[in-house]
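The values are calculated or read from the model by the stated rules, or taken from the named source; none is laboratory data. Values in this document were obtained by computation on a predicted structure and should not be read as measured data. Here Cβ is always computed from backbone atoms with ideal geometry, including for glycine, and neighbour counts include all displayed protein chains. Ligands, DNA and RNA are excluded from the accessible area calculation, which covers all protein heavy atoms including side chains. Shrake-Rupley method; radii C 1.70, N 1.55, O 1.52, S 1.80 Å.
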Amino acid sequence: MKRSFHIYALIAAFSILLSACGLSEENHNKLTDAINELTTQKEFTEEMYGKLTTDSYEGELSDLASKYDEYKSMDISKLSDKEAPDTLNQISELTSSYKSVFDKMDAELKNEESISNEAAKHIEILCRIENKSDSDITSIILKDAQTSSESGNFILEGHSLSSGEILEGVVLPIYTDSTLRSLLVTDASGETAEYALELSDVNAASQNGISVTIGSSEEGIIIGDYSVTASEGSSN
């Protein structure tokens, strides 16, 4: 009877020893899933980094990759059930670190895209201006009431655009979201008239340029393609 008891006790002790030294199937599966999740998050993060124009995350990602390599190359079958919880926590922390970096980069990418989209709204349109007002013009300024902005004078200081003369190569700074554009035209007597600059197709104007013919204050301006004469334009 005593001998049987000793045998059972020995078997129980040996089982406990095996459990302490080996890794159960459950913990093996948990570790495998954790490493797979870590790998997925690492790939997502590195893919996001590739979309950015900055390299400011390079050092941080390099440090994380070094830690990742340790777990990826680990032979988890050699771990014990006792070691499994701590290892799982460490892998989870590394996954969270990757996720944190991913979130920061995602926010930065959205900011970069916002800046890029806004910059794309600022375009330049080549313009040819002809003076048919019967007065010398000393100042032509583009005004954007929507953005509360004005360009500089397209006529050089100390110069004027005489009646019948043409000013070539004017570059109009245009904000595509704006619809409240006008030209402020000042003649030699100091009188300023404001004419609406209505562009029905901003993209076409950007590609082809426009011509602006300035008439009297009663006639207003005529807008056409850069290559056409004033008589072929449309009155505004």
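Remarks
- A count restricted to the stretch 168-200 and to residues that are open to solvent by less than 80 Å² (accessible area, probe 1.4 Å) and farther than 18 Å from Phe154 by Cα stands at 4.
- Failed condition for Glu124, given (1) open to solvent by 90 Å² or more (accessible area, probe 1.4 Å); (2) more than 30 Å from Asp177 (Cβ to Cβ): (2)
- Conditions (1) among the acidic types (Asp, Glu); (2) open to solvent by 70 Å² or more (accessible area, probe 1.4 Å); (3) closer than 23 Å to Tyr175 by Cα: number failed by Asp134: (3)
- Given (1) free of Cβ contacts under 8 Å to residues at least 40 places away in the same chain; (2) surrounded by 13 or more Cβ atoms within 10 Å (Cβ to Cβ); (3) within 15 Å of the chain's Cα centre (by Cα), number of the condition Ser97 does not satisfy: (3)
- When Gly50 is tested against the conditions (1) part of a helix (DSSP H, G or I); (2) surrounded by 11 or more Cβ atoms within 10 Å (Cβ to Cβ), the lone failure is (2).
- When restricted to residues that are open to solvent by less than 60 Å² (accessible area, probe 1.4 Å), in contact (Cβ under 8 Å) with a residue 40 or more places away in the chain and part of a helix (DSSP H, G or I), the stretch 57-74 contains 1.
- Count of residues meeting criterion [surrounded by fewer than 13 Cβ atoms within 10 Å (Cβ to Cβ) and either in contact with a strand residue (DSSP E or B) (Cβ under 6 Å, 6 or more places away or on another chain) or part of a loop (DSSP other than H, G, I, E, B) (or both)] in the stretch 207-226: 2
Residues are listed down the side, and each one gets a yes or a no for (1) more than 30 Å from Glu118 (Cα to Cα); (2) under 28 Å from the mean Cα position of the chain (by Cα); (3) at pLDDT below 95:
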{"position": "Ala145", "(1), (2), (3)": "no, yes, yes"}
{"position": "Phe154", "(1), (2), (3)": "no, no, no"}
{"position": "Gly164", "(1), (2), (3)": "yes, no, yes"}
{"position": "Gly169", "(1), (2), (3)": "no, no, yes"}
{"position": "Leu180", "(1), (2), (3)": "no, yes, yes"}
{"position": "Val202", "(1), (2), (3)": "no, yes, yes"}
{"position": "Ser206", "(1), (2), (3)": "no, yes, yes"}
{"position": "Ile223", "(1), (2), (3)": "no, no, yes"}
{"position": "Ala230", "(1), (2), (3)": "yes, no, yes"}
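- Selection within the stretch 177-206 - within 13 Å of Ser133 (Cα to Cα) and of a type in the set (Val, Ile, Thr): Val185, Thr186, Thr192
- Tabulated pairs, the stretch 104-130, first farther than 18 Å from Lys51 by Cα and in contact (Cβ under 8 Å) with a residue 12 or more places away in the chain, second surrounded by fewer than 14 Cβ atoms within 10 Å (Cβ to Cβ) and of a type in the set (A, V, I, L, M), C-beta under 6 angstrom, 6+ apart or interchain: Glu124/Val171; Glu130/Ile166
- Selection from the stretch 140-158 of residues that are over 16 Å from Ile129 (Cβ atoms), open to solvent by less than 70 Å² (accessible area, probe 1.4 Å) and part of a strand (DSSP E or B): Asp144, Ser149
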